[in-house]
Structures are given as structure tokens and as C-alpha cells.
Amino acid sequence: MLIMSYEKQLAQFGMRDMFWSTFRGFLGFLLLVSSFDGLGQEVKKVVITHQNPWYKEEYFALAADRQMKQGAYQKYVGKNNLLQTTGYYTRGQKDSTWIEYYDDGETMRERGTYYQGQKVGMWEYYTAQGTLEQNYDHTYQQVLFSKPAPNDKRIFKLWNDDPESCRDTLQLEKKPAYIGGAEAMNRSLQQNLRFPPQALKSRISGTTWVGFTIDPEGKTADYKILRKLGGGLDAEALRAVKLIPATWTPGRLDGLPVAVVCEIPITFTLPPAPAAPKKAPQKATRRKYGSSTRKR
């Protein structure tokens, strides 16, 4: 609270940037000092490969306890051994700067600072095209910048006891925002959504809608199907949406956080039907005529 009050005073004199630069430098000094305990102990490099899916971890751990990570950490994925994660551990907890990359191993997905295993300060979140999508301050829980997602079909409505009385959010000061951006939310759906065998067999496809509530604290609840398709698609959509990490900032109205209903369309597209097996060409048969003897 003291820091926030001091920051507001500095903002009045246009000195906020200088304040945060000094504060980040002090935080970096604390991180450096806190890691000295681990530096006094012997560390060993550890390389572990995993299967299904394949990925490799390279990191340093205390020689006396291989489970206690201490030092640089890298994670590689795919047959081409592409870098996915780079960071640092202090006494088994994520520390300092961490960077996540997309599957190409080059395009940055997110970057920011950990302290004692928690995200702190401003984090940057990028799209798969390398465009900055969101800046989020994890210390003050504020969205500092957010780029609207193209073709975003999500619907937000002010919550009401009577679902039929939910209003749209045109009057909201701020809509709920997913921390990490819409790209992170869609990535979770893609990783978890499966086409049910029953729907595949019956050739059922289309769009179902899932709704849930984002309360004034950013927590989610009351998941339900709003438009049904059948064939197991509704249950699968509900399951996948529930697996999305519940990391939201709440909507705000008149300066206060409010409960909002979020409605998300989930589209199932059938894969092309398997081609019918080709019939082997039939060989032409020749009629055989036997010799006949005429009676005279």
C-alpha cells in the first residue's frame, strides 16, 4: 500500500518511470542476494528426456539433492530439439527472467519475471505471429495493454439471477480480460478438445455454446451448455472449457468489479470422409466355344 501511494504521488510529477526503474533495480538486487545460499553448494547438470509427448529438460540441481533445481533451466521439444522454455531456479523455485517460445523455437510467447515461484511485475504476451497482444502487471493485477483479438466471437453479459435478464456489456468500463490474451485461451482449447467418436461416426458437426460466470474476483463458476448439438459434442465442449485455467481479470462498472457471464462458441469441424476403397478392375473374360460335330 505504501508503494502504491508513493507511486501515485510520483505520477503527479511525471516521475513514475524513474520510480519503477529504481524499484526494479532494487528487486533485482534482492534476487541476487537471495541466490547466494545456493551458490555455496555444489551443483550438477541434469538432462532428462520424456516420451509421449517427447521433450527434454536441461537444468542444474544441488549435488546433494537432485530434486532441488538451482540455476539455469531449458526445455526443448520436438524431433528438431527446439527451445520452448528458458529460465532460472533458486532453491527449487522459479526465479528471475523466464521466456516461453512457440513451436518454432524462435517466436516468443511470453516473457517476464518470477520471484519465489510467483509471477511479478509486468509480463509480455505475444501472438503466434510475434505481435504483442497483452501487457499484464502481476503485482498489481492490472492489464496495462491489450490488443483486441481478431474475429473474437465471445459474448460478455452482466450477470443476473435471471439468465433471461442478463444485459450486454456496452455500458461496462472494462470487459473481463483473460490473462495471457485470447491466444493463450484458444491454445488451451486446442490442446484439450477432442472429436467424440460417436459424433464422428454419426457425422455430426457444428457450433455449440458454453457459458460460465466470472465473479468480481476473476474466479469462474456455473459452467453450462447454452446451445446443444448432441452426439457427445456438448459434453466434450463443456469438458474442454472447464480445463481452461481460470485466470481472468473481472469486468468493471462504475469503478467496481462486477460479475459477468461469458459465452464461448466451440466449433467442431468434421474431417473429410475417408475415400471409398477403389475396386480392382475386373478382367475381361472371353467366352470359350467348344467344337461341335454336326450329324449328317
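The values are calculated or read from the model by the stated rules, or taken from the named source; none is laboratory data. All of these numbers come straight from a predicted model, not from anything done at the bench. So basically every Cβ, Gly included, is an ideal-geometry build from the backbone, and we count neighbours across all protein chains shown. The protein model used for the area step is the full one, side chains on, heavy atoms only, and it has no ligands, DNA or RNA in it. Shrake-Rupley method; radii C 1.70, N 1.55, O 1.52, S 1.80 Å.
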- For the range 98-148, what is the accessible area per residue in Å² when the probe is 1.4 Å? 54 Å²
- Message: Could you check the spin-label model distance between LYS242 and ALA275? Points 7 Å from the Cα along Cα→Cβ, value in nm.
- Response: 4.1 nm
- Find the centroid of the Cα atoms in the range 42-106 and in the range 232-268, then give the distance between the two in whole Å. 32 Å
- Proximal lysines relative to LYS69, as straight alpha-carbon distance under 28 Å, when same-chain residues fewer than 8 apart are discounted: LYS44, LYS45, LYS56, LYS79, LYS94, LYS119
- When you count, for each residue, the other Cβ atoms within 10 Å and take the mean per peptide, how do 56-68, 175-187 rank with the highest first? 175-187, 56-68
- What are the extents of the Cα atoms of the range 132-244 along their three principal axes, listed from largest to smallest and rounded to whole Å? 49, 35, 23
- Note on the structure: In this structure, the FRET efficiency calculated for GLN118 and LYS45 from their beta-carbon separation, with R0 = 30 Å, to the nearest 0.05, is 0.70
- Could you look at the range 93-237 and say what percent of its accessible area is carbon and sulfur, using a 1.4 Å probe and all protein chains? 45 percent
- Task: Quickly rank 253-263, 206-216, 221-231 as a protection proxy: mean count of other C-beta atoms within 10 Å, highest first.
- Result: 206-216, 253-263, 221-231
- Among LYS153/LYS174; LYS75/LYS147; LYS201/LYS228; LYS147/LYS175, which pairs are too far apart, with a Cα-Cα distance over 20 Å? LYS75/LYS147
- Packing-wise, with mean Cβ within 10 Å as the measure, how do 41-49, 89-97 rank, highest first? 89-97, 41-49
- Assuming a ≥ b ≥ c are the square roots of the Cα gyration tensor eigenvalues, decide whether the range 47-141 counts as rounded (a/c under 1.5), prolate (otherwise, with a/b larger than b/c) or oblate. oblate
